[in-house]
Every structure is written in structure tokens, then in C-alpha cells.
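Have a look at the structure below before the remarks.
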Amino acid sequence: MTGPILSIRNLTVEIPTRHGILRPVDGISYDIGRGEILGIVGESGAGKSMAGNAVIDLLSPPAHIAGGEIWVNGTRIDQLKGDAMRRLRGKEIGMVFQDPLTSLNPLLRIGDQLTETILAHLPLSRAQAKDRAIKALDEVGIPGATERINSYPHEFSGGMRQRVVIALALCAEPSLIIADEPTTALDVSVQAQIIALLKALCRNRGTAVMLITHDMGVIAEAADRVAVMYAGKLAELGAVRDVLGAPRHPYTDGLMGSTPLASRGKARLHQIPGAMPALDNLPQGCAFHPRCPYAQSICKTQMPTLADGDGAACFFPLPHTAEVA
Amino acid sequence: MLAFVIQRVAQSVLVLLVVGLVAFSMFRFVGDPIDNMLGQERTQADIDRLRTTLGLDQPFVVQYVKFLGGAVQGNFGVSYRQGRPVSDILMERAPATLELAAVSGFLAISIGIGLGVFTAIRRDGWAANTIMSLSLIGVSLPTFLIGILLIYLFSVELGWLPSFGRGDTVRIGGWTTGFLTESGLKALILPSITLGLYQMTLIMRLVRSEMLEVLRQDYIRFARARGLRDRAVNFRHALKNTLVPVITVTGLQLGSIIAFAIITETVFQWPGVGLLFINAIQFVDIPVMAAYLMLISVMFVGINLIVDLLYFSIDPRLRADRTKAH
């Protein structure tokens, strides 16, 4: 297949409020190719999850897509409604939520939750769907899938439940998975397992993954490319090696500097001064300028744009020569 | 689970013993029934003879044990007023009340849950808002007023439905039913609406608020994200999760449908146990009152027991200890 699985162009999400219109996602564009894992990082409220919810059309009203285009497998989906959109969910776009303890219905057996999802999308008999459900559980590493299919969610541990959630998201073989903080609610020891599992399954099937997280370690571990979001905009986009190894946007640089590393010893952890501005109180020009150590007068009046493709949305991208800094 | 059932049954028996004590205390403390039973022309010999016949001359404890022993066998003594066994009178009257309560309960549950789900899903629609506003009437108007208004509208003004009584009934074994005749069914309409309206609106508002709560949960979003149809999400996933609190309240409400049938039965002169109880109070017919009290408490306790067992069938998390045991 040629072309990206997911292509987002100038996506804007708006929330009308009494104090005016907020834009939690403001004109972002990126592609995710077949078998590629795109990490989306940023602070809470940067618009990471909003963008994911917009793709699968699960924005909570009054938030809505106000502009831009979303293409999945060459089909434009941002204008689809009702049943047409429902058919895509699960079938073309799967989603994994943050907290496996709350994403499974406590009153239904996991087998029933799997088969109902399979039957909603594939023309199979109930028995075939059950076989497929067992296979799906087996693939995510649930031991004794044939018996466990009759278990209820509370009979699994947190890590096992997230495996079940992944099985549910993948059981109708979508070409795109949106994983919204899939490891945040898990024990550190389980996080790596889940990331490795997600990575392996998507590599084997060629599934594209939008991996939303605020954990730079997860990005470094799993993602091929990374998009850094700040106040609803893309700050930087590029291959993980480039962005994490040699950040060009001062914000990315600040984020990397604030990641605790054992190798740094007991040195004081760097902080980015200040906090991300509220959406109803964005500064003029570049939203990051009040916190940026390199800000110049142009940063306070004009909005830097991200050139098509990879790069940083910054007038003075790093590395700086001595006189600019 | 068996241990749980045994424990609950034991608790129920204790509750019934206490209610039995209260019911029995009425014999001792609510006036002297002999006064009512014998006319003005009584002699002391008449009084003594009747007192001995009814066992009222025996010590309190002996009378209580006798009362309990009789109650367990369904023998509540003889009605002071009608001079017939209380159990016979209750058996005669019970079908009328139970049929009325069954129809009211069915209406309350089916319409209540249906409208509750509807108003939760279409939460901002005009129809849902209208229903919610109207439901305030059901919650706030007293039962007797609703009954009287219905009688005024459908019996007096429109003349469509009877204003009192059960209509024609058919006798099947020891049971008289109004379900099989047209006049019997017609006579059921107004009383069952009157009796069930409060419960219906209560269930509806409860289902609505529980549904709104559940619809916000992650597993509902996840169900939508998997592309399940709205019907499956709303009914299979959401409604089932609202049922535990709904069943708790509904169970208690079904008990009160039977208990509060007194008011509806009085308004519509419905020949059930509630009307029997009101008449018994007027005549200080203590055996009837005591038996009624026992009957209602048995029903409440029984319904509560069923509700507790229903929890187990709905929520697998409560069955956890049993699964481990096997």
C-alpha cells in the first residue's frame, strides 16, 4: 500500500465557551505510515488526547472539529457521521485508553466483550467469533486463553487487563491504533512489557500507531517518529533519534533536560520556568515565548510555523551559535 | 453464597419476630376489644366468658408464644368483628391487592426504566425535558389527590372508566381474578396508575441519573471506540451497570406499593387487604391488624431477600468468594 495510513492536515478542534472559543488543537498536521509508531508528547492540556479523540470522533461535546482534514487509508473521515463513522471505529481505527481498570465493562465476561466487537465488524458466526477472540487473547499473551475467555475483568491484574484492552482494540484488525497514555496507569515493571507487546503486534501486522504519552522514556523505547505538542500546536516533528538526540525547539530541549536520568547522578533536575499558558489566555506570537530562554522580539509578535514535514516551529531553532544566545 | 443466604434468612426471621412482637403488643395496649364486641347490654359473666374464649386472660408471654405459633401456621385467630378466621378473610382479599400491586409494579418498572433510559440518552432533547418536567408532578402530588383527579377526569367527566370497585371477577380455585373480564380490566386501569405513578417517576429519575453517570465511564467510551452499535452500548453496557442501585430502590418501592395500597384502595373502594386494614382500624379489629402487619413485613423481608440475591446474578464481583471456593 502506498501513502500514509493516517494523514492529518491543519486539524483544529474548538470548544465554544462563555469566554470565547478555545482551540485545544490548533492547526496540526502529520502523517503516520504503515507499521509506523508516531509518539505524541507534551504536557497535560497540550492537546495530545484531543487530537486522538478527534480522529476517532469521540470528542465530548461541545468540543468539535472546526477545521482541517483527517484521512485514513486515503478516505477522508472528518466529515463522516453516525453509522458510517461507527463502522470505522474498531474496524479501521482502534483505541487503547489510559486506565485498564476502568476501560473494561465490569459486568460482562471478557469473551463476550471480544465477540461482540468482532461480530460488530466481521461477517462471522458466533462460534467463529469466539475462536477469534481466543486467538486475540493468546496473541496478547494471556495464558490459558481458552478458559480465561469466561473470566470477568476483576479477575485479571492491571497489566493483564491492559493486554485484554489491547486485544479488544486489535480484534477487528484496524490499520491504525490510537494509544492514549497506555502505560501511565500501570506499574513501572509492567509498562515495558505492554510497550513491547504493542510494538511487536503492530510491527507484525503493519498497524500504524499514534502513541500519546508524556513519558519521554516510552517515546524513546517505542516510537519511530515523535511530535511534540505545546498549547495545541506542533512544536517539533521528526525522527525520534533526531528530536530526542538533538532537539531543535527550545521547548523540546527543555523537556529533554527535565527528564530524570540515572546517569546524571544527584545533580538538580532542570525545570522549564513557568507553566503552559491557559487556552483562554494565550500570549501573542509564539505560545512558548514567555518561558523561552532564547526569545527575541519577533517571538512576541509573530507565530513561527512548522515547515512541511519535519522540523521545529521556531524562529531560532537550536543549536545556537554563541552570539544569538 | 450459601452462607450469605443463610445469614440473610436468619436476619429476616429476627426482623419478623420483632414485628410479631409489635403486632402482638397491639392486643395488649390498643383498647379492650371486648368493649366493642359486646353491646351495651353485657354482663360481667359475658365479658369473662368471651375473654376466656379468646384467651385474653392468659399471661402476656403465653399469649405471645401462642400468637407466634399460630402465625407460623397461618393462623391469626378470629376477627373480632366478622367472627371468622383472619386467614380466610385475608385469603379472600389478597388477590385483589396482589393483582393491583402486580399491574402497578409492572407499569412502574417498565415505563420507569424505559423513560429513564430515553431521557438519559436524549438528555437535551425537548421530549426528554418535557418528560422530566412532568415527572415532577408524579413525585410531588400525593397519591390520593392523583386518584381523585383521575376519577374526576375519566369517570365523572368522560365516563370512560369505573370510579370504584373491581368490576366482575372470575374465580379460579381460591383465587379471584379481574384479569379475565372486560370490566375487571377496566376497573384496574385507574387504581394501578394511581398506585404506580409515584414509583414510576421515582424509578425513571433514578435510572436517568444512574445512566448519565454510567455513560461518562471509560468503558462506555471504550465500547463506542470499538464501533459497537448505540443500542448495544446503551442497553448492554450502560443499562446493566445502572441496575444494582435501581434494583435496590425498586425492590423497596415494590414493597411500598403493596403497603401503600391502603390509600389507593380507600380512594377507589378496592376490595383488597388495604381497605380491610382501614376498616379493621376503625373497629379495633386487632387480629386483622396484626395479621396485616405480619403479612406486609413478610413481603418486605421477602423482597429484600430477593433483591440481595439479584445483586449476585448481576454483578460478578460480588460472586468473587464463591468462584475462589470452587
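The values are calculated or read from the model by the stated rules, or taken from the named source; none is laboratory data. These figures come from a predicted structure and were not determined experimentally. Heads up, the Cβs are rebuilt from the backbone with ideal geometry, glycines too, and the neighbour counts pull from every protein chain shown. Heavy atoms of the whole protein, side chains included, go into the accessibility calculation; ligands, DNA and RNA do not. Shrake-Rupley method; radii C 1.70, N 1.55, O 1.52, S 1.80 Å.
Counting residues in region B:201-215 that are under 30 Å from A:Glu173 (Cβ atoms) and open to solvent by 30 Å² or more (accessible area, probe 1.4 Å) gives one or more.
What do you reckon, is B:Ser110 within 18 Å of the chain's Cα centre (by Cα), loosely packed, with under 14 Cβ neighbours inside 10 Å and without any contact (Cβ under 8 Å) to a residue 12 or more places away in the chain? Please lay out each step first, then the result.
Numbers: within 18 Å of the chain's Cα centre (by Cα): yes; loosely packed, with under 14 Cβ neighbours inside 10 Å: yes; without any contact (Cβ under 8 Å) to a residue 12 or more places away in the chain: yes.
Against the criterion (within 18 Å of the chain's Cα centre (by Cα), loosely packed, with under 14 Cβ neighbours inside 10 Å and without any contact (Cβ under 8 Å) to a residue 12 or more places away in the chain), B:Ser110 qualifies.
When region A:236-259 is filtered for residues that are out of contact with any Gly (no Cβ under 8 Å at 6 or more places or on another chain) and of a type in the set (Gly, Ala, Ser), the ones remaining, listed by number, are A:Ala239, A:Gly245, A:Ala246, A:Gly254, A:Gly257, A:Ser258. Scanning region B:199-235 for residues that are more than 9 Å from every other protein chain (Cβ to nearest Cβ) and touching a Gly at 6+ places or on another chain (Cβ under 6 Å) turns up B:Met200, B:Thr201, B:Ile203, B:Met204, B:Val207, B:Arg208.
None of B:Leu318, B:Leu295, B:Leu252 is within 14 Å of chain A (Cβ to nearest Cβ) and either open to solvent by 20 Å² or more (accessible area, probe 1.4 Å) or of a type in the set (Val, Ile, Thr) (or both) except B:Leu318.
When we screen A:Gly45, A:Gly35, A:Gly90 for residues that are surrounded by 20 or more Cβ atoms within 10 Å (Cβ to Cβ) and on the phi > 0 side of the Ramachandran plot, the only hit is A:Gly90. Looking across region B:281-292 at every residue that is of a type outside the set (Phe, Trp, Tyr) and farther than 14 Å from B:Gly77 by Cα, the one that is nearest to the chain's Cα centre (by Cα) is identified as B:Ile281. Restricting attention to region A:55-62, does a residue exist that is surrounded by 17 or more Cβ atoms within 10 Å (Cβ to Cβ) and assigned to a helix (DSSP H, G or I)? Yes, region A:55-62 has at least one match.
With the condition kept exactly as written, say whether any residue in region B:186-194 is over 19 Å from B:Pro271 (Cβ atoms) and open to solvent by 30 Å² or more (accessible area, probe 1.4 Å). So far as region B:186-194 goes, no, none of its residues is over 19 Å from B:Pro271 (Cβ atoms) and open to solvent by 30 Å² or more (accessible area, probe 1.4 Å). Among residues that are away from every other protein chain (no Cβ under 14 Å), over 25 Å from A:Ile32 (Cα atoms) and in contact (Cβ under 8 Å) with a residue 60 or more places away in the chain, A:Leu137 is not included. Could you list, in sequence order, the residues of region B:268-285 that are in contact (Cβ under 8 Å) with a residue 24 or more places away in the chain and buried (at least 23 other Cβ atoms within 10 Å of the Cβ)? Once the filter is applied, which keeps residues that are in contact (Cβ under 8 Å) with a residue 24 or more places away in the chain and buried (at least 23 other Cβ atoms within 10 Å of the Cβ), region B:268-285 yields B:Phe268, B:Trp270, B:Gly272, B:Val273, B:Gly274, B:Leu276, B:Ala280, B:Asp285.
Under the condition of being open to solvent by less than 50 Å² (accessible area, probe 1.4 Å) and assigned to a loop (DSSP other than H, G, I, E, B), which residue from region A:66-87 is farthest from the other protein chains (Cβ to nearest Cβ)? The selected residue is A:Asp78.
Taking first residues from region A:88-112 that are at the interface with another protein chain (Cβ under 7 Å from one of its Cβ atoms) and of a type in the set (Ser, Thr, Tyr) and partners that are in a loop (DSSP other than H, G, I, E, B) and open to solvent by 20 Å² or more (accessible area, probe 1.4 Å), the Cβ contacts under 8 Å between residues at least 6 apart in sequence or on separate chains come to A:Thr102/B:Gln217. Meeting the requirement of 1 or more residues that are over 29 Å from B:Ser209 (Cβ atoms), the helices (runs of 4 or more DSSP H) wholly within region B:79-189 are B:86-121, B:143-150. Between A:Ala133, A:Ala179, A:Ala223, the distinction of being open to solvent by less than 30 Å² (accessible area, probe 1.4 Å), aliphatic (A, V, I, L, M) and in contact with a Ser or Thr (Cβ under 6 Å, 6 or more places away or on another chain) belongs to A:Ala133 only.
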